[in-house]
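The structure appears right after this line, and notes come after that.
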Amino acid sequence: MTDKTRNAGNLKLLGGRLCLDFINTLDWRGTETPVEFLNTYPDLLAWSRHVGICTPSETRRMTEMAKGCQAEARRVCKRAVALRETIYRIFVAINQNKNPAPKDLAEFNQYLSGALKASQIIRAKDGYSWNTAGDKARLDWVLNPVIRSAADVLVSDDTKNIKACADPACGWLFLDSSRNKRRRWCDMQDCGNRAKASRFYRKKIRQG
Ligand SMILES: [Zn+2]
């Protein structure tokens, strides 16, 4: 049953990396009725606020801006979902020890070159850091940190520890940072407990 209280602005952040949390804005991927949390540009903003890409005042400013260009806002939301699915396919291939489709990598590289064009190195407290936000007059700048996160994960050792939730219906991905690398569930409280409960139920039926 779909939990109506969950939305893009309060989803659990269990991926361990920004790009994986972004992938997890689609729930129940392995079922015939996946649940989409990025249906509108305001959903994308709510998620961006939730994960800290936007400050509250930026979120308000972007909300106002989007009202003035609704067709563009719809386009950016579609682009966000297309980006998410491209990243998802790449990481699932890696998780299954397969090579990502060249088309997906090429597509991702297109997103990446856009994000890099909007990126700068800026002076930070203890050195330098990336500012990937770029032109904040554009509605799609909120995607840049996600694209950068995916690029960072792809060139790191993290790729070895990307896992898919053991419940194939769930479809969430996460970085397994546990010491023994035996994390199976996106959320022990949720998918883990559900599996435990259904094992218990099946056992009870068998015992009749
Ligand atoms: Zn799960």
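The values are calculated or read from the model by the stated rules, or taken from the named source; none is laboratory data. Computed from a predicted structure; not experimentally measured. Methodologically, a virtual Cβ is constructed for each residue, glycine included, from the backbone with ideal geometry; neighbour enumeration extends over all protein chains shown. Just the protein is used for accessible areas: all its heavy atoms, side chains included, with ligands, DNA and RNA removed. Shrake-Rupley method; radii C 1.70, N 1.55, O 1.52, S 1.80 Å.
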Qualifying positions in the stretch 106-120 - open to solvent by 100 Å² or more (accessible area, probe 1.4 Å) and modelled with pLDDT under 95: Lys117, Gln120
Long-range neighbours under 8 Å by Cβ, at least six apart or interchain, first residue in contact (Cβ under 8 Å) with a residue 40 or more places away in the chain and assigned to a helix (DSSP H, G or I) within the stretch 108-122, second open to solvent by less than 30 Å² (accessible area, probe 1.4 Å) and among the hydroxyl-bearing types (Ser, Thr, Tyr): Phe108/Thr86
Residues of the stretch 162-177 that turn out to be assigned to a loop (DSSP other than H, G, I, E, B), more than 8 Å from the ligand (Cβ to nearest atom) and charged (D, E, K, R), as a count: 1
Qualifying residue in the stretch 178-201 (condition: open to solvent by less than 20 Å² (accessible area, probe 1.4 Å), away from the ligand (no atom under 16 Å from the Cβ), assigned to a helix (DSSP H, G or I) and free of Cβ contacts under 8 Å to residues at least 60 places away in the same chain): no
